[in-house]
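Comments concern the structure below.
The values are calculated or read from the model by the stated rules, or taken from the named source; none is laboratory data. Nothing here was measured: the structure is a model prediction, and the numbers come from that model. Cβ coordinates were reconstructed from backbone atoms using ideal geometry, including for glycine residues, and neighbour counts include every protein chain displayed.
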Amino acid sequence: MSDPVTRDPVTPVLAVTDLRVHLPASRIQVLDGISLDILPGETLCLVGESGSGKSVTSLATMGLLPKKALAIAGGSVRLEGEELVGASDARLRALRASRMAMIFQEPMTALNPVMPVGRQIEEVLKTHMHLSARERREKVLAMMEQVHLPNIERVYGSYPHQLSGGQRQRIMIAMALILDPKLLIADEPTTALDVTTQKQILKLIKEMQERMRTSVLFITHDMGVVADIADRVCVMHHGQMVETGAVADILRSPREDYTRRLLSAVPSLTPRPPRPDATREKVLTVSELAKTYAQRSLFGPKRETVAAEEVSFTLGRGRTLGIVGESGSGKSTVARCVMRLIDPTSGSIRLGTQEVSDLSPATLRPFRKRIQMIFQDPYRSLNPRINVGESIAEGPCNFGLPKAQALRRARELMTLVGLPEDAVERFPHQFSGGQRQRIAIARALAMEPDVLVADEAVSALDVSVQAQVLDLLADLQTRLGIAILFITHDLRVAAQICDDVVVMHKGRIVEHGTAEDVLARPRADYTRDLLAAAPGRHWDFANFRPLETAV
Amino acid sequence: MASSSHTDAGALPVARPRYIPNLAHLRFAPTVAGLCLLLIVLMAIFAPLIAPHDPIAMLPAQRLKPPSDTFLLGTDAYGRDLLSRLIYGARISLIVGLGVMVIAIAVGLPLGLLSGYFRTLDAILMRIMDGLMAIPSVLLAIAVVSLSGSSLLTVMIAITIPEVPRVVRLVRSVVLSARNEPYVEAAIAMGTRLPALLARHLMPNTYAPLIVQGTYICASAILTEAILSFLGAGIGTETPSWGNMISEGRMYFQLKPSLIFWPGVLLSICILSVNLIGDAARDLLDPRLKKRTGA
């Protein structure tokens with residue numbers, strides 16, 4: 001894994017050599033001989049799929065491995081030449097924040113919810129420096145200014161829940177960098193954020209890094225982010241280093257097979273060629289759909305929150321319509337209204353020719369068959385107490401199919417989604433995330449629906465698994481002629497699978513058209529912003545080359 | 001943790017063996033508590049075989065005797081054998097404890113399921129439950145018993161009433177969080193009818209917390225029954241219970257302290273055992289606590 005490029009004899013800020021981490025109880029190796037070093041001012045991206053050991057690497061470096069559960073079995077971690085493996089807890093505590101700092105994926109849980117954020121930043125100063133209260137406050141406000149928080153006096157006294165996700169992450173960054181550490185470890189810091197916010201946070205990290213000459217160890221699963229910010233990349237798989245090198249080398253000419261597969265699985269932003277709309281038969285027609293949440297309060301006026309408004313679209317048999325938008329854009333509200341899991345405030349939903357928006361639960365029941373849903377979280381979408389065969393058979397049984405026949409059908413469906421048919425007797429926890437999503441698809445297909453609503457159905461999956469599930473959906477669509485309403489925040493996924501795309505923003509549709517028109521020639525400003533914020537948009541990962549036609 | 005990524009469709013994880021309890025993992029306190037409770041249960045079931053004397057036969061000539069070969073723990077103020085009364089007293093405590101637990105769950109579980117599922121019903125039902133919870137439980141029990149006469153059944157009903165709201169609230173809170181789970185929504189989308197939805201997808205989530213809550217209800221019912229008996233509002237003195245034994249023994253406390261001591265000891269051991277088993281059940285059933293203790 002040594003880097004063939006000869007570098008200046010600068011001492012690396014962080015030098016990890018042959019780091020091994022195992023589970024003490026079973027001696028299972030979690031990290032197997034990880035070596036990496038980061039030079040001053042450099043950004044090293046650690047990429048890999050879930051379970052590859054990238055977070056364990058960062059926690060081992062910080063000395064934050066969960067005690068008893070994971071232990072360092074060998075190797076060395078040197079921060080500016082100082083050995084951290086075997087260092088005392090007191091020493092590690094002193095080094096954290098002052099010499100190395102960390103930011104996490106979900107700033108809401110990393111911040112204390114009952115303390116104003118300004119005081120939380122001050123806490124770091126209190127622990128590590130001797131300053132008067134006034135000096136501390138001034139330093140905190142200066143730092144908040146540097147991370148471009150608006151209205152810093154007010155934000156100083158705000159609680160985490162009063163800030164947006166992006167602002168919270170800025171607070172985390174301010175907290176991490178206030179003592180001017182040499183190394184910043186960022187563990188998926190933008191994964192929970194919208195693309196436009198992600199772009200701003202990445203820019204901020206870059207800016208802070210240039211100003212303070214901090215080295216950054218950036219952990220991510222997103223190749224787009226890697227292409228945007230990395231100087232060097234280190235690819236991990238199953239606790240081992242697969243490949244390491246300069247970002248351009250890795251993206252252009254990956255040496256290892258695994259890296260090549262990982263890059264090829266990244267969906268391209270170039271929309272798929274349009275398919276002819278053969279039948280012109282509409283299976284789902286939504287018009288003027290609106291959903292308002294009224295918040296009653298004991299005192300003061302009634303407040304209304306508009307989740308979706310004037311939403312209209314049609315979906316033809318065998319076609320895929322993507323609803324794209326950031327969090328809070330109302331795309332999931334629309335999906336849930338269409339499924340009649342929540343009741344729309346007004347508007348019409350027609351399944352084929354049948355109006356379903358105003359049916360009572362009892363009269364709606366026969367039409368439930370015709371529209372089915374796949375959910376985002378594969379770990380929560382299957383009842384953990386029921387074996388998968390019964391889960392799949394439940395729907396048909398509800399509509400009068402004899403149990404034995406439904407179970408036989410479940411076995412066929414398992415084969416259809418690429419799982420062995422004898423797996424029907426297993427329980428959800430015995431499957432991986434991707435496999436569970438296949439089971440969820442099988443369960444939806446058991447009803448033989450006309451429309452499949454996929455709400456962020458591949459967002460929780462690793463890219464390679466994501467590609468497989470998308471292929472499966474496309475394959476099933478051509479074979480069974482199902483129409484798919486595909487809800488996603490990921491423009492790359494939308495570009496791969498959708499015929500038509502609806503872009504939603506703040507509960508309204510801002511653009512509607514064929515995937516090719518919307519993603520390649522966007523008309524609305526918002527769509528343009530979204531596309532511009534998509535990480536790695538200048539790079540064609542699957543073909544290992546930059547894209548000439550940048551949007 | 002390590003999910004195989006590229007072989008997603010093919011290789012399946014090996015089926016895990018079913019959970020086999022390992023005796024070496026048993027912890028000290030719950031084990032001792034379990035053994036104590038087992039002894040008390042056996043004592044109650046086989047009372048006619050174990051008890052050396054009739055627990056209600058009065059022998060006026062043998063009043064307040066110290067322990068002897070015939071009366072191992074001596075006799076009470078009416079000349080009844082203390083040991084025999086203690087053994088029979090276990091029956092009342094266990095019947096009340098288990099009975100109240102079963103009735104409270106039988107009534108509270110369906111109410112809680114419906115309350116958690118239907119918003120409108122919830123608003124009404126919860127206010128009723130709030131009202132019930134506001135009544136002091138012992139006072140309510142005394143009122144019920146004095147109105148309808150003291151029998152085992154009325155005592156049990158009187159103790160059950162204030163326990164029901166606790167069960168309803170617990171079940172409701174579990175249902176409230178579970179009904180938003182995607183698998184429940186998936187079941188709704190598949191046209192699952194309400195009874196099946198409740199029984200198949202929502203109710204199983206309540207089992208673990210109910211088992212734990214059940215042990216606490218059991219312990220508190222045993223204690224409340226003893227309090228009622230002590231106050232003279234419990235089961236009639238002709239049926240021995242640990243509570244009314246303490247109540248009767250109180251007058252002769254200075255002459256013969258063991259009249260209070262032994263029922264008191266058994267009552268404490270019984271309640272402590274049930275509570276410890278409840279704690280152990282919670283540790284076992286709550287995955288978060290399990291992780292922390294490393295069990």
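Selection of first residues in segment A:338-350 that are closer than 16 Å to A:Arg508 by Cα and more than 11 Å from chain B (Cβ to nearest Cβ) and of second residues that are of a type in the set (Lys, Arg) and crowded, with 22+ Cβ neighbours inside 10 Å, restricted to Cβ pairs under 7 Å at least 6 apart or on distinct chains, gives the following pairs, ordered by first then second residue: A:Pro344/A:Lys291; A:Thr345/A:Lys291.
Do the conditions hold for B:Leu266, that is, is it surrounded by 15 or more Cβ atoms within 10 Å (Cβ to Cβ), in a helix (DSSP H, G or I) and modelled with pLDDT of 90 or more? Can you show your working first?
Numbers: surrounded by 15 or more Cβ atoms within 10 Å (Cβ to Cβ): yes; in a helix (DSSP H, G or I): yes; modelled with pLDDT of 90 or more: yes.
Judged against the criteria, B:Leu266 is a match.
Just give me the residues in segment A:80-104 being acidic (Asp, Glu) and part of a loop (DSSP other than H, G, I, E, B), in sequence order. Quick ask: steps written out before the conclusion?
Initial filter on segment A:80-104 (acidic (Asp, Glu)): A:80, A:82-83, A:89.
Result: A:Glu80, single match.
Number of residues in segment B:117-132 that are of a type in the set (Lys, Arg) and either in contact with a Gly (Cβ under 7 Å, 6 or more places away or on another chain) or farther than 24 Å from B:Thr160 by Cβ (or both): the value is 1. The condition (being touching a Pro at 6+ places or on another chain (Cβ under 9 Å), touching a residue at least 12 places away in the same chain (Cβ under 8 Å) and part of a helix (DSSP H, G or I)) is satisfied by just one residue among A:Gln468, A:Gln437: A:Gln437.
Being buried (at least 17 other Cβ atoms within 10 Å of the Cβ), closer than 18 Å to A:Gly239 by Cα and either out of contact with any Asp or Glu (no Cβ under 6 Å at 6 or more places or on another chain) or outside the structural domain of A:Gly41 (by TED's automatic domain parsing) (or both) is the filter here; which residues of segment A:74-83 pass it? If you could, list the steps in order and put the result at the bottom.
The first filter runs over segment A:74-83 and keeps only residues buried (at least 17 other Cβ atoms within 10 Å of the Cβ), leaving A:75, A:77-79.
Then drop every residue that is not closer than 18 Å to A:Gly239 by Cα, which leaves A:75, A:77.
Within segment A:74-83, just A:Val77 meets the criteria.
Considering segment A:440-465, the residues that are modelled with pLDDT of 90 or more, in a helix (DSSP H, G or I) and at the interface with chain B (Cβ under 9 Å from one of its Cβ atoms) include one that is nearest to A:Ala393 (Cα to Cα), namely A:Arg443.
Considering B:Leu210, B:Leu194, the condition of being in contact with a helix residue (DSSP H, G or I) (Cβ under 7 Å, 6 or more places away or on another chain) and either crowded, with 19+ Cβ neighbours inside 10 Å or modelled with pLDDT of 90 or more (or both) is satisfied by B:Leu210 alone.
So which residues in segment A:351-384 are outside any loop (DSSP other than H, G, I, E, B), facing chain B (nearest Cβ under 10 Å) and more than 20 Å from B:Leu194 (Cα to Cα)? Give the derivation first.
Within segment A:351-384, the subset outside any loop (DSSP other than H, G, I, E, B) is A:351, A:354-355, A:361-368, A:371-374.
Still in the list and also facing chain B (nearest Cβ under 10 Å): A:361-362, A:364-368, A:371-374.
Across segment A:351-384, the qualifying residue is only A:Ile374.
Taken over segment B:179-195, the residue count meeting the criterion of being more than 10 Å from chain A (Cβ to nearest Cβ) and within 21 Å of A:Phe375 (Cα to Cα) is 1.
Considering only residues that are over 29 Å from A:Arg438 (Cα atoms) and among the acidic types (Asp, Glu), which ones fall in segment A:476-525?
Here is the first cut: in segment A:476-525, the residues over 29 Å from A:Arg438 (Cα atoms) are A:505-513, A:517-518, A:520-525.
Answer for segment A:476-525, where residues must be over 29 Å from A:Arg438 (Cα atoms) and among the acidic types (Asp, Glu): A:Glu511, A:Asp517, A:Asp525.
In the set (1) away from chain A (no Cβ under 14 Å); (2) crowded, with 21+ Cβ neighbours inside 10 Å; (3) in contact (Cβ under 8 Å) with a residue 60 or more places away in the chain; (4) hydroxyl-bearing (Ser, Thr, Tyr), the condition left unmet by B:Thr239 is number (2). The criterion of being of a type in the set (A, V, I, L, M), over 26 Å from B:Leu223 (Cβ atoms) and either out of contact with any strand residue (DSSP E or B) (no Cβ under 8 Å at 6 or more places or on another chain) or not in a loop (DSSP other than H, G, I, E, B) (or both) does not hold for B:Ala77. Being within 25 Å of B:Gln62 (Cα to Cα) and surrounded by 18 or more Cβ atoms within 10 Å (Cβ to Cβ) is the requirement here; does B:Glu248 meet it? So B:Glu248 passes the test. Determine whether A:Arg280 is within 30 Å of A:Phe541 (Cβ to Cβ) and either of a type outside the set (A, V, I, L, M) or outside any strand (DSSP E or B) (or both). No; evaluated as a whole, the condition is false for this residue. With a requirement of 3 or more residues that are more than 30 Å from B:Glu238 (Cα to Cα) and not basic (Lys, Arg), the helices (runs of 4 or more DSSP H) lying completely within segment B:106-222 that satisfy it span B:119-134, B:152-178, B:182-189. A:Leu39 fulfils the conditions (1) more than 27 Å from the chain's Cα centre (by Cα); (2) at pLDDT 90 or above; (3) more than 23 Å from A:Gly81 (Cβ to Cβ) except for a single criterion, (3).
Against the condition more than 14 Å from every other protein chain (Cβ to nearest Cβ), surrounded by 19 or more Cβ atoms within 10 Å (Cβ to Cβ) and modelled with pLDDT of 90 or more, how does A:Val283 come out, does it pass? The answer is yes for A:Val283.
Among the residues of segment B:77-134, those identified as among the charged types (D, E, K, R) and under 30 Å from B:Ile246 (Cβ atoms) are B:Arg80, B:Asp81, B:Arg85, B:Arg91. Of the residues making up segment A:169-228, those that are aliphatic (A, V, I, L, M) and more than 24 Å from A:Glu49 (Cα to Cα) are A:Ile171, A:Met172, A:Ile173, A:Ala174, A:Met175, A:Ala176, A:Leu177, A:Ile178, A:Leu179, A:Leu204, A:Met208, A:Met212.
For segment A:191-241, what are the residues that are polar (S, T, N, Q), away from chain B (no Cβ under 14 Å) and over 11 Å from A:Glu42 (Cα atoms)? Talk me through it step by step, then tell me what you get.
The initial filter retains those residues of segment A:191-241 that are polar (S, T, N, Q), namely A:191, A:196-198, A:200, A:209, A:214-215, A:220, A:240.
Those left that are additionally away from chain B (no Cβ under 14 Å): A:191, A:196-198, A:200, A:209, A:214-215, A:220.
Within segment A:191-241, A:Thr191, A:Thr196, A:Thr197, A:Gln198, A:Gln200, A:Thr220 meet the criteria.
Hey, among B:Ile135, B:Ile95, which residue is farther than 24 Å from B:Leu194 by Cα, touching a Leu at 6+ places or on another chain (Cβ under 9 Å), surrounded by fewer than 20 Cβ atoms within 10 Å (Cβ to Cβ) and not small (Gly, Ala, Ser)?
Answer to the check: B:Ile95.
Kindly check whether there is at least one residue in segment A:62-69 that is more than 25 Å from A:Gln240 (Cβ to Cβ) and assigned to a loop (DSSP other than H, G, I, E, B). So far as segment A:62-69 goes, no, none of its residues is more than 25 Å from A:Gln240 (Cβ to Cβ) and assigned to a loop (DSSP other than H, G, I, E, B). Would segment A:353-365 turn up any residue that is closer than 23 Å to A:Ala483 by Cβ, out of contact with any strand residue (DSSP E or B) (no Cβ under 6 Å at 6 or more places or on another chain) and touching a residue at least 40 places away in the same chain (Cβ under 8 Å)? No, because not a single residue in segment A:353-365 is closer than 23 Å to A:Ala483 by Cβ, out of contact with any strand residue (DSSP E or B) (no Cβ under 6 Å at 6 or more places or on another chain) and touching a residue at least 40 places away in the same chain (Cβ under 8 Å). Residues in segment A:406-426 that are at the interface with chain B (Cβ under 9 Å from one of its Cβ atoms) and not acidic (Asp, Glu): A:Val417, A:Gly418, A:Leu419, A:Pro420, A:Ala423, A:Arg426.
Among the residues of segment A:364-395, those identified as at pLDDT 90 or above and either on the phi > 0 side of the Ramachandran plot or among the hydroxyl-bearing types (Ser, Thr, Tyr) (or both) are A:Ser381, A:Ser391. Within segment A:174-193, is even one residue at pLDDT below 90, closer than 30 Å to A:Thr57 by Cβ and among the β-branched types (Val, Ile, Thr)? Checked against the condition, which is being at pLDDT below 90, closer than 30 Å to A:Thr57 by Cβ and among the β-branched types (Val, Ile, Thr), segment A:174-193 yields at least one hit.
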